[in-house]
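S.K.: The structure follows.
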Amino acid sequence: MIPDKHIDDLKSRFRGTLISPDHAAYNTVRQVWNGTIDRRPRLIARCTSASDVVEAVRFGREHNLLTAVRGGGHNVAGNAMCDDGLVIDLSMMKAVVVDPQARTARAEGGATWADFDTETQKFGLATTGGLISSTGVAGLTLGGGIGWLMRTHGLASDNLISADVVTASGETLTASESKNADLFWALRGGGGNFGVVTSFEYQLHPVSMVMGGMVIHPVARAAELLRFYRDFARTAPDSVTLLFVFLTGPPAPFLPVELHGKPLVAIAVCGLDISAEGEKAVRALKEFGPPLVDLIGPMPYGVLQGLNDPSAPHGIRSYWKSEYLNELSDGAINALVDGMSRVQSPMSQIHVHQLGGAVARVGPDATAVSHRSAAFVTNVLAMWPESSADAAEIAWTRGVWEAMRPFGAGAYVNFLGEEGEERVRASYGETTHAKLAAIKRRYDPTNFFRLNQNIRPS
């Protein structure tokens, strides 16, 4: 245990709340999105400012504590929590300040995309964010950041203008194109390896109403629909971003009762043009099949951002495996269809995200994000409520992923679980990984920040 006198000393300098195992809120605060994560830190430092983060980092170093950093707590690997160590918790730091004239926003490190979109949409502005609104802005951005706006405006990390960072030494730095440019390069895709980002400054874009929603088809049409999806994606304008989903029909009011609990496939879409021309761009999605249910139409961007929230409730048990795809070949399609035919939980899904557009136009060396040229990224998401099903759900996920690996091109960092150093290297490629390791050596030579998709200092 950490001696009380040391904790009392920290309290004298700390404006936030220190939560130890005897605190009434301990069991609530240590919970994260993934219900399989059940870790018990010695101390949770709930920060309210950058100065609190500085104190927490210095305390962790002085006492040689294994240290985790929590932003939104949505990471599937559970890196936001640790056993027997210190958690630097940013979840109280959620402020988002918008400058509508400059079209920029500054978000604190504990903000979620729901927090961010609520503020920016007041001005009809947005930047690329996650597909589940409870996802933290920090983790998504640091790992790259795919989202509905990416084919027009790039990844979340491509829209990052600057970041305020507390390094492993407890120093506070600003990273941008003109200040600490090497750190700024590494933060855009290199994950939480380089420090605690206390605030992010983003470029915003005019986004208000979108052509959003999905078309739903019977699972028997899965292979046919995937081939249509592949062909449609090749010619879709950059203003359109698509997502293919294998799912089980939820008991939702938008779905006829006879489809509840049935295996289904869907194509979800975000189109930034709601004019007649924009409707024409997605018309083929509405006509193919035809679909069992057509939910595509004009809607507020904020509504689209929360559309998938019911499918991923807080506390659900989850396990993911991911692969980039340079092409959606017939072999990959067959592997996906076969994999979903053996699904265990009705909550589990398989996603195939369309990439390209502005994502691919950023140079491969411009940021730490790799696999810019990939056409798709697929994610196998097992989700289930009971611990008794853990082994079966993990086995299903791994089985689908193993069948997909011959067609894969590497992993997307934000979809990685605890998969080891080689998978992290594969996410970046040797050149980018080596550059990240050199920058890690400069800003965190002892690998203090190692509870992440870790890049050890070279």
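The values are calculated or read from the model by the stated rules, or taken from the named source; none is laboratory data. Bear in mind that the values here come from a model prediction, so they are computed numbers and not experimental data. All Cβ positions, even for glycine, are placed from backbone atoms using ideal geometry, and neighbour counts span all protein chains on display. Ligands, DNA and RNA are stripped out before the accessible areas are found, and what is left, the full protein with its side chains, is counted by its heavy atoms. Shrake-Rupley method; radii C 1.70, N 1.55, O 1.52, S 1.80 Å.
S.K.: Between residues in segment 56-70 that are more than 11 Å from residue 2 (Cβ to Cβ) and among the charged types (D, E, K, R) and residues that are assigned to a strand (DSSP E or B) and open to solvent by less than 50 Å² (accessible area, probe 1.4 Å), which pairs lie under 6 Å by C-beta distance while being six or more apart or on different chains?
M.R.: Once the first residue is more than 11 Å from residue 2 (Cβ to Cβ) and among the charged types (D, E, K, R) and sits in segment 56-70, its partners that are assigned to a strand (DSSP E or B) and open to solvent by less than 50 Å² (accessible area, probe 1.4 Å) give 70/87; 70/89.
S.K.: With the requirement that a residue be within 15 Å of residue 76 (Cα to Cα) and of a type outside the set (Ser, Thr, Tyr), what does segment 399-422 give you?
M.R.: Within segment 399-422, 411, 413, 414, 415, 416, 417, 418, 419, 420 qualify.
S.K.: For residues that are within 30 Å of residue 100 (Cα to Cα) and out of contact with any helix residue (DSSP H, G or I) (no Cβ under 8 Å at 6 or more places or on another chain), scanning just segment 187-221, find the one that is most open to solvent (accessible area, probe 1.4 Å).
M.R.: Restricting to residues being within 30 Å of residue 100 (Cα to Cα) and out of contact with any helix residue (DSSP H, G or I) (no Cβ under 8 Å at 6 or more places or on another chain), the top hit is 206.
S.K.: Of these, 43, 90, 66, which one is open to solvent by 50 Å² or more (accessible area, probe 1.4 Å), among the hydrophobic types (A, V, I, L, M, F, W, C) and within 27 Å of the chain's Cα centre (by Cα)?
M.R.: Selected residue: 66, the only one of 43, 90, 66 that is open to solvent by 50 Å² or more (accessible area, probe 1.4 Å), among the hydrophobic types (A, V, I, L, M, F, W, C) and within 27 Å of the chain's Cα centre (by Cα).
S.K.: Right, next: Considering only residues that are touching a helix residue (DSSP H, G or I) at 6+ places or on another chain (Cβ under 7 Å) and in a loop (DSSP other than H, G, I, E, B), look in segment 358-372 and name the one that is nearest to residue 161 (Cα to Cα).
M.R.: Ranking the qualifying residues of segment 358-372, first place goes to 367.
S.K.: Now for a separate question. Looking only at residues in segment 101-133 that are touching a Ser or Thr at 6+ places or on another chain (Cβ under 6 Å) and over 15 Å from residue 304 (Cβ atoms), which one is surrounded by the most Cβ atoms within 10 Å (Cβ to Cβ)?
M.R.: The qualifying residue surrounded by the most Cβ atoms within 10 Å (Cβ to Cβ) is 109.
S.K.: Please indicate, with yes or no, whether at least one residue in segment 297-305 is part of a loop (DSSP other than H, G, I, E, B) and not acidic (Asp, Glu).
M.R.: Among the residues of segment 297-305, not one is part of a loop (DSSP other than H, G, I, E, B) and not acidic (Asp, Glu), which makes the answer no.
S.K.: Does residue 343 count as among the aliphatic types (A, V, I, L, M) and in a strand (DSSP E or B)?
M.R.: So residue 343 fails the test.
S.K.: While we're here: Could you list, in sequence order, all residues of segment 1-39 that are part of a loop (DSSP other than H, G, I, E, B) and within 14 Å of residue 314 (Cβ to Cβ)?
M.R.: 30, 31, 32, 33, 34, 35, 36, 37
S.K.: Additional query: Mind listing just one residue for me: the one in segment 222-253 that is over 23 Å from residue 329 (Cβ atoms) and either in contact with a strand residue (DSSP E or B) (Cβ under 7 Å, 6 or more places away or on another chain) or outside any loop (DSSP other than H, G, I, E, B) (or both) and, of those, least open to solvent (accessible area, probe 1.4 Å)?
M.R.: So the residue we want is 249.
S.K.: If you take the residues of segment 20-37 that are surrounded by 14 or more Cβ atoms within 10 Å (Cβ to Cβ) and free of Cβ contacts under 8 Å to residues at least 60 places away in the same chain, which of them is nearest to the chain's Cα centre (by Cα)?
M.R.: Filtering segment 20-37 for residues that are surrounded by 14 or more Cβ atoms within 10 Å (Cβ to Cβ) and free of Cβ contacts under 8 Å to residues at least 60 places away in the same chain, the one nearest to the chain's Cα centre (by Cα) comes out as 32.
S.K.: If residue 414 satisfies every condition in (1) assigned to a helix (DSSP H, G or I); (2) more than 22 Å from residue 141 (Cα to Cα); (3) not aliphatic (A, V, I, L, M) but one, which is the exception?
M.R.: Among (1) assigned to a helix (DSSP H, G or I); (2) more than 22 Å from residue 141 (Cα to Cα); (3) not aliphatic (A, V, I, L, M), residue 414 violates only (2).
S.K.: Next question. What's the number of the condition residue 155 fails, among (1) among the aliphatic types (A, V, I, L, M); (2) assigned to a loop (DSSP other than H, G, I, E, B); (3) surrounded by fewer than 24 Cβ atoms within 10 Å (Cβ to Cβ); (4) touching a helix residue (DSSP H, G or I) at 6+ places or on another chain (Cβ under 7 Å)?
M.R.: Going through the list (1) among the aliphatic types (A, V, I, L, M); (2) assigned to a loop (DSSP other than H, G, I, E, B); (3) surrounded by fewer than 24 Cβ atoms within 10 Å (Cβ to Cβ); (4) touching a helix residue (DSSP H, G or I) at 6+ places or on another chain (Cβ under 7 Å), residue 155 breaks only (3).
S.K.: Considering each of 328, 304 in turn, give the residue that is in contact with a Lys or Arg (Cβ under 6 Å, 6 or more places away or on another chain), touching a residue at least 60 places away in the same chain (Cβ under 8 Å), closer than 24 Å to residue 150 by Cα and surrounded by 14 or more Cβ atoms within 10 Å (Cβ to Cβ).
M.R.: 328
S.K.: Identify all residues within segment 433-451 that are closer than 25 Å to residue 322 by Cα, out of contact with any Pro (no Cβ under 8 Å at 6 or more places or on another chain) and open to solvent by less than 30 Å² (accessible area, probe 1.4 Å); write none if there are none.
M.R.: Of everything in segment 433-451, those that are closer than 25 Å to residue 322 by Cα, out of contact with any Pro (no Cβ under 8 Å at 6 or more places or on another chain) and open to solvent by less than 30 Å² (accessible area, probe 1.4 Å) turn out to be 433, 436, 449.
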